[in-house]
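Below: one structure, written as structure tokens.
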Amino acid sequence: MRAGHESRRGRVFVLTGTASVFRPAALQAVAENRGSALPGVAGDVYDTWALTEDNELTIALKSLGGLMVSPPECAVVTELMPTWRTLWAQRLRWQRDALEYLGAYGLTPPTARYWAPKFGLGYGVIALSSYLLLSLLTVLALDTWIWFPFWLGLGLLFSFERMVTVWRGGCWRASWP
């Protein structure tokens, strides 16, 4: 993943755990606000309950009014998972943890930008699951096969869009030997 996906005009959406530099005063402010204005144990910089501490620290700093920037020349690259199983496990961990710490912070101006994609993802999962379930129920309930071109076309379009998105993200290449 390139920095362009994580930053906009030098503004950083999420700090990366392996390549972040902090001012000591920023980390001290986080430690001082843990347990009161921020979730976690007073005096700790990191919330040890967060599995994706870099994301949680981003929210903590933004909740305190911190500004994160990235030089335009800086590129962040995320290693691709070698298999679908490891990719699934990684993304599931990221999503689950994000929902947990967003729940702890609640809906605030700094977190609103992070809630929107989570709702979109949840809607996508529910919509796709409903589509597949209703398609299966329709096939099982009918005595004869009836073509529903609109719904078949919609399903194919959605599947094609997902495939192209994954392919462009590099996951397709990483999943094939």
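The values are calculated or read from the model by the stated rules, or taken from the named source; none is laboratory data. Owing to the predicted nature of the structure, the values given are computational and were not obtained by experimental measurement. All Cβ positions, glycine included, derive from the backbone under ideal geometry; neighbour counts span all protein chains shown. Please note that ligands, DNA and RNA were not included when accessible areas were found on the heavy atoms of the full protein model with its side chains. Shrake-Rupley method; radii C 1.70, N 1.55, O 1.52, S 1.80 Å.
Odds and ends about this structure:
- Heavy-atom accessible area ranking, 1.4 Å probe, most first, across TYR46, TYR123: TYR123, TYR46
- Dmax and Rg, reported as Rg then Dmax, of the chain (C-alpha, Å): 20.6, 70
- Counting heavy atoms of the protein chains alone, THR16 has an accessible area of about 30 Å² for a 1.4 Å probe.
- Compared with the dominant principal axis of the Cα atoms in the chain, helix 53-63 is inclined by about 70°.
- Across the protein chains, with a 1.4 Å probe defining accessible surface, the residues TRP88, TRP115, TRP94 rank TRP88, TRP94, TRP115 from largest area downward.
- Positive-pole candidate from TYR46, TRP84, SER36, dipole of the chain, charges at beta carbon: TRP84
- The modelled label-to-label distance for the pair PHE22/ALA141, using points 7 Å beyond Cα in the direction of Cβ, is 5.4 nm.
- Global form of the range 43-83, assessed from the alpha-carbon gyration tensor, a/c cut-off 1.5: oblate
- Extending 7 Å from the Cα toward the beta-carbon at both PHE148 and LEU121 defines two label points whose distance is 2.9 nm.
- Accessible area in square angstrom per residue, the chain, 1.4 angstrom probe: 72 Å²
- To put it simply, the accessible area of the chain at a 1.4 Å probe is 67 percent carbon and sulfur.
- Only Lys, Arg (+1) and Asp, Glu (-1) charged, at Cβ; the chain dipole about Cα centre in debye: 420 debye
- Sequence of ILE59, ILE146, ILE126 when ordered by accessible area, the most exposed leading, probe 1.4 angstrom: ILE126, ILE146, ILE59
- Using a simple spin-label model with pseudo-atoms 7 Å out from Cα toward Cβ, ASN33 and ALA112 lie 1.8 nm apart.
- Cα long-axis angle, helix 109-141 against the chain (0 to 90 degrees, to the nearest 10): 20 degrees
- When the surface is traced with a 1.4 Å probe over the full set of protein chains, THR18 keeps roughly 140 Å² accessible.
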